[in-house]
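K.L.:
Here's a structure for you.
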Amino acid sequence: MQSMTEFRPEIQGLRAVAVVLVVLFHVKAVFVAGGFVGVDVFFVISGFLITRKLVGEIDARGSIDIPLFLAGRMRRLFPALFATLAATFAASYYLLSPDGLQRYAAGAFHALLYVSNVFYWNESGYFDAAAYSKPDLHTWSLSVEEQFYWFWPLLLLLVRKRSRLGLLVLVSLVFWASLLLNYVFSWVPPRLIGTWTPLLWPLVVKGDTAIFFLMPFRMFEFAIGALCFLASERYAPRPGAATALQAAGLVMIGAAAVFLTEETRFPGAAALLPCVGTALVILGGEKSRASFLLTNRVTDWIGRSSYSIYLVHWPVIVLYLAFRLKTGIDVLEATLLFVASLLLGYVLYAAVEFPFWKRRYLRDMAPAPFTMLSLLCALVLVLPLAHAWANGGWGWRFGPYGDRFNLEALQQETVRYEQMHVSYGRFDRGRKVLVIGDSHGRDVANGLHQVLPEDRYDVKWLPLLAICIQPTALDRPLTETCPQRWKAVRTSHLVAQADVIVFSFRWWVEGAKQAHTMLLELKRLSKVPTVRLLVTGRVIEPAGFPESAVWKIKAGLSPSAINNQFSVSFSYVDLVDKTLMDAVSRANIPGAMFWRKLPSQCPNQKCRFIDEGRNLLMWDNQHFTLTGARDLAQDLVRTFPGMFPQ
């Protein structure tokens, strides 16, 4: 039987493996496409160690001193987290755009409360910002761990002292319940779950992100660690068996890191590969002849500072990209960022994490006062974070351009305009123009309403998701809503009465191939014999826009110089547009037309994302501001004077 407090060097090595996998994954090392499984390795380790600690306390005292346990966790983890968030906040002040600082402040605010996993789950969706613009995104896993620390002691207190059978049953129930939740939210039709209880609908709509971010869906991983502890109490393998267990476990972790990808539905059953592998490595213990792989000086050095390395690595990567005004890194940069993460992580460990943990700092401070001091420090940081979050990321840092480049305000401006002028309602005057589409359709509707004379035209937008034209497995929860969305289209008086129907989506190749079926269906639904149908092409999506444009304008670059610096993919837009043209021809509907957005955005392949007045034409890399939508619509109306007579 293992001691309840025995140091396990192979677990230190596992920590090193886990954090190295995560950092390699985040610097885009191509040979570890599934390096994100390092987080799952950490969860299993926590399940093992925390269960061992709490069960030992139950055996010795008959209960768990939960306040003392949580205070110990705070002393171990909070100082390094606080230092990282404070330093990142200071760097973000100088390196991030107003929108970027606002996002960071919101995430860090929730990270200090250990609910950033809930925040990032709730934020996920169609308009969610790219991961590489969020310096604190990685704190979601720390929040999951902290929530586990609150939940697990309360659960273990349900088991009688020294009742290992009761503990086994309880942990097994947690394992199967959590895994079943993953299955239900991954594979059961969302409409069916929503029928069971409407309370689950918010989880269902974002089912894929719910199972990734939220603690109940991760509990089976902690439970594997707890089951591993129970097994280690009863089973001490001989050297040969220990070697086989540990070798198999390392192979399983390695296979997960190499063969799983971001497209893998995760966690769910796929997470069993690295999690069970981690448990096998722990069960193998020090007797394994393969333990030298995990118990050498390098793995010990990395493993000791793994928590601090994890804390600093993501801000280092994101802030470097912000400093360089880039969206990607090359091999040399990836190598340097990897090394910098290890070194800075060790500095944080040596200067903050270890001294607080081992009471080198505030040696005589009791748990309760230390907890109060920690909460006070959190409050000191929370106040400016909340202010930056509530005030647009302190746009005043950019002088006269701050308010103009408040991306959230620009987005909300387009939404308010749509709600005031083109949403739903009824046609009541002039030539009736209906735009059908997703948020790209809203942009076109907003633009046409600005351009066409209001006394002679009535412009409306009817929402429809592109995935409802060609459903995809990756968008399963939203796909489940397509029958209702199509019903709204088929029964809409707007479709029946429109003189012009414009289709605008964020097209992709497979969806574009099915555009002819949509045209034929809408032609059938129209009650206007002379209805004109117009399909618009795909927009150009500049990489890194508009965050880096803010800094370039502040640096004094001209709009034309800035426009030329963004990477765009003409080839994919050309492919999608050609597919759409073929689909329009295949529909063979008299008067049906196709219009490319590309020449309007990029005349002669010289793109315009900022106009000469230094106004942003897009508020992210695919959606137009009101100014950009107006410019786009002006080109559209000029191209089809017969469809939009003045």
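K.L.:
Can you work out D for the range 553-646 in µm² s⁻¹ from Stokes-Einstein, where Rh is the Kirkwood radius over C-alpha pairs, the temperature is 20 °C and the viscosity is 1.002 mPa s?
P.N.:
The estimated diffusion coefficient comes to 142 µm²/s.
K.L.:
Got a sec to turn the phi values of the range 132-144 into Karplus ³J(HN,Hα) couplings, 6.51 cos²θ - 1.76 cosθ + 1.60 with θ = phi - 60°, whole Hz, x for Gly and Pro?
P.N.:
For the range 132-144, the Karplus-derived couplings read 6, 10, 10, x, 10, 4, 5, 6, 4, 6, 5, 5, 4 Hz, x marking Gly and Pro.
K.L.:
Now for a different question. What is the Å³ per residue value for the convex hull set by the Cα atoms of the range 202-308?
P.N.:
Normalising the Cα hull of the range 202-308 by residue number yields 123 Å³.
K.L.:
What FRET efficiency comes out for the pair Val251/Asp65, r = Cβ-Cβ distance, R0 = 51 Å, nearest 0.05?
P.N.:
So the FRET efficiency works out to roughly 0.80.
K.L.:
While we're here: Angle, helix 515-525 long axis vs. longest principal axis of the chain, Cα atoms, 0 to 90°, nearest 10?
P.N.:
That helix lies at roughly 60 degrees to the long axis.
K.L.:
For the range 293-342, what is the accessible area per residue in Å² when the probe is 1.4 Å?
P.N.:
45
K.L.:
Take every DSSP beta bridge whose two residues both sit in the chain, then give the antiparallel share in percent to the nearest 5.
P.N.:
Here the share of antiparallel DSSP bridges comes out near 10 percent.
K.L.:
Then there is this: Restricted to Cα positions, what overall size does the range 302-425 have along the principal axes? Three whole-Å values, descending.
P.N.:
Answer, in whole Å and largest first: 66, 45, 33 Å.
K.L.:
How high is the relative contact order of the range 247-386, given as a whole-number percent (alpha carbon pairs under 8 Å, six or more residues apart)?
P.N.:
20
K.L.:
Give the cysteines in the chain for which no other Cys Cβ lies under 4.7 Å away, or write none if there are none.
P.N.:
Cys228, Cys275, Cys377
K.L.:
On the Cα set of the range 1-111, report Rg and Dmax in Å, please.
P.N.:
Looking at the range 1-111, its Cα Rg and Dmax stand at 18.4, 56 Å.
K.L.:
Compute the angle between helix 38-61 and the longest alpha-carbon principal axis of the chain, please, reported from 0 to 90 degrees and rounded to the nearest 10.
P.N.:
The answer is roughly 40 degrees.
K.L.:
What length, rounded to one decimal in nm, is gained on full extension from Leu383 through to Arg426, with 0.36 nm per residue of separation minus their alpha-carbon distance?
P.N.:
Contour length minus the Cα-Cα distance gives 10.8 nm.
K.L.:
If you average 1/r over every pair of different alpha-carbon atoms in the range 352-399 and take one over that average, what Kirkwood value in Å do you get?
P.N.:
Kirkwood radius, the range 352-399: 13.1 Å.
K.L.:
Starting with the highest mean, order 139-151, 163-175 by the number of other Cβ atoms within 10 Å, averaged over the residues of each peptide.
P.N.:
Ranking, from highest mean packing down: 139-151, 163-175.
K.L.:
Per-residue HN-Hα couplings for the range 318-333, Karplus 6.51 cos²θ - 1.76 cosθ + 1.60 at θ = phi - 60°, whole Hz, x for Gly and Pro?
P.N.:
So the J values, rounded to whole Hz, are 5, 6, 5, 4, 5, 5, 8, 6, 10, 10, x, 10, 8, 5, 4, 5.
K.L.:
Amide H to amide H under 5 Å from Arg431: which residues, 5+ apart in sequence or cross-chain, H placed 1.01 Å off N in plane?
P.N.:
Residues meeting the amide H criterion: Tyr457, Asp458.
K.L.:
I'd like the Karplus ³J(HN,Hα) series for the range 71-78: coefficients 6.51, -1.76, 1.60, θ = phi - 60°, whole numbers in Hz, and an x wherever there's a Gly or Pro.
P.N.:
These are the phi-based 3J(HN,Hα) values: 5, x, 5, 5, 5, 6, 10, 5 Hz.
K.L.:
Relative to the longest principal axis of the C-alpha atoms of the chain, give the angle of the C-alpha long axis of helix 164-187, reported between 0 and 90° and rounded to the nearest 10°.
P.N.:
With rounding to tens, the tilt is 10 degrees.
K.L.:
Sorted by packing (mean other beta-carbon atoms within 10 Å per residue), highest first, where do 562-568, 233-239 land?
P.N.:
Top to bottom by mean Cβ count within 10 Å: 562-568, 233-239.
K.L.:
Distances over 21 Å make up what percent of all Cα-Cα pairs in the range 50-154?
P.N.:
Cα-Cα pairs of the range 50-154 separated by over 21 Å account for 44 percent.
K.L.:
In deg cm²/dmol, rounded to 500, what helix-only [θ] at 222 nm does the chain give when every DSSP H run of at least 4 residues adds -39500 (n - 2.57) and the total is split over its residues?
P.N.:
After summing the helix terms and dividing by the residues of the chain, the value is -19000 deg cm²/dmol.
K.L.:
Tell me which residues come under 5 Å, amide H to amide H, from Met593 once H is placed; ignore anything under 5 positions away on its chain.
P.N.:
Residues meeting the amide H criterion: Leu533, Leu534, Val535.
K.L.:
If you compute P(r) over Cα pairs in 20 Å bins from 0, in percent for the structure shown, which of [x] 18, 51, 28, 3, 0; [y] 17, 45, 29, 9, 0; [z] 17, 49, 31, 3, 0 do you land on?
P.N.:
So the calculated entry is the one marked [y].
K.L.:
Fully extended, how many nm does the chain gain between Leu154 and Glu263 (0.36 nm per residue separation, minus their Cα-Cα distance)?
P.N.:
Here the answer is 35.7 nm.
K.L.:
Same structure again: Among 337-350, 538-551, what's the highest-first ranking by average C-beta atoms within 10 angstrom per residue?
P.N.:
In descending order of packing, they fall as 538-551, 337-350.
K.L.:
Taking amide H positions as placed 1.01 Å from N in the peptide plane, with prolines and chain starts having none, which residues 5 or more places from Leu462, or on another chain, fall under 5 Å of its amide H?
P.N.:
The list, which skips near neighbours in sequence, is Val435, Ile436, Gly437.
K.L.:
Any number yet on Rg/Rh for the range 498-596, C-alpha, Kirkwood?
P.N.:
Radius of gyration over Kirkwood radius for the range 498-596 works out to 1.16.
K.L.:
Within the accessible area of the range 296-394, what % is carbon and sulfur when the probe is 1.4 Å and the other protein chains stay in place?
P.N.:
C and S fraction of accessible area: 72 percent.
The values are calculated or read from the model by the stated rules, or taken from the named source; none is laboratory data. On a predicted model such as this, the values are computed, not experimentally measured, just so you know. Note: ideal-geometry Cβ built from the backbone for every residue, glycine included; neighbour counts use all protein chains shown. Side chains included, ligands, DNA and RNA excluded: accessible areas come from the protein's heavy atoms. Shrake-Rupley method; radii C 1.70, N 1.55, O 1.52, S 1.80 Å.
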